[in-house]
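Below you'll find the structure, written out as structure tokens, and then a few comments.
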Amino acid sequence: MKINVSQLLNEAIGSIREYAVDEELESGNSRIAGSMKLMRTDKGVLVSAKMSTDTQSTCSRCLKEFGQRIDVAFEEEAFHSNDEPSGEQPEAPAIDDKRILDLTEALEQYLYLAVPVKPVCREDCQGICSRCGADLNETACVCDHEARGSPWAEMLKMAVSDRPDSRVN
């Protein structure tokens, strides 16, 4: 996502430009939409953005593909790329010599961080049976889930026998 900020950089500090965003991501897989506010600072441009995109994810419980909305909100200050004293690339978004602000990398990073670690297709997803692989959302599993041959089997029996409702007086 590249924006020409030459007019904004010629304006007074504190000048603001607001933009509606609706464009395809450079990866070409989906669109991003939202709003962005650019404010002229003494050293560059402060970017405040709220955006969202739809993406395909795999449910961490039932392993089915589903569509998911990803929302991001961020603020970054962009500086001129030639203002770096060491000559290294800046970590923040940069404004190049042609006064083009490139937000592509920052936007991709914020979107990547907004993706849930364990996405679920719905909150009540039952997942799959660990023994037979049946989708528990579609069918009931008939597997015997009693812990046999497990080193924890005896401890599970003790835990059940220690319950107040399992004692007979």
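The stretch between S6 and L25, if pulled fully straight at 0.36 nm per residue, gains 4.5 nm over its current Cα-Cα span.
Please report the net charge: other residues with Cβ closer than 9 Å to the Cβ of L25, K and R +1, D and E -1.
On the way: positive: R31; negative: E23, E24, E26, E108.
Around L25, the charge tally is -3.
With both residues required to sit in the range 2-114, DSSP beta bridges show an antiparallel share near 95%. Backbone amide hydrogens, once placed in the peptide plane, bring Q126 within less than 5 Å of N137, excluding anything fewer than 5 places away on its chain.
Compared with the direct C-alpha span, the chain from K157 to K118 gains 10.9 nm at full extension, assuming 0.36 nm per residue. Placing pseudo-labels 7 Å out from each Cα toward the beta carbon at R99 and S15 gives an inter-label distance of 0.8 nm. Couplings for the range 37-47, taken from phi via the Karplus curve 6.51 cos²θ - 1.76 cosθ + 1.60 with θ = phi - 60°, read 10, 10, 10, 6, 10, 5, 10, x, 9, 8, 9 Hz in order; Gly and Pro are left as x.
With the cut-off at under 15 Å, measuring from each backbone N in the range 41-83 to a point 7 Å along the Cα-to-Cβ line of A33 picks out 50-55, 68-72. Pairs with C-alpha atoms separated by more than 26 Å, drawn from the list K37/K98; K37/K64; K50/K118; K43/K98, are K37/K64.
All of the numbers you see were taken from the coordinates with simple rules; none came from a lab. Everything quoted here is computed from the prediction, not taken from an experiment. Note that we place each Cβ from the backbone using ideal geometry, even for glycine, and neighbour counts take in every protein chain shown.
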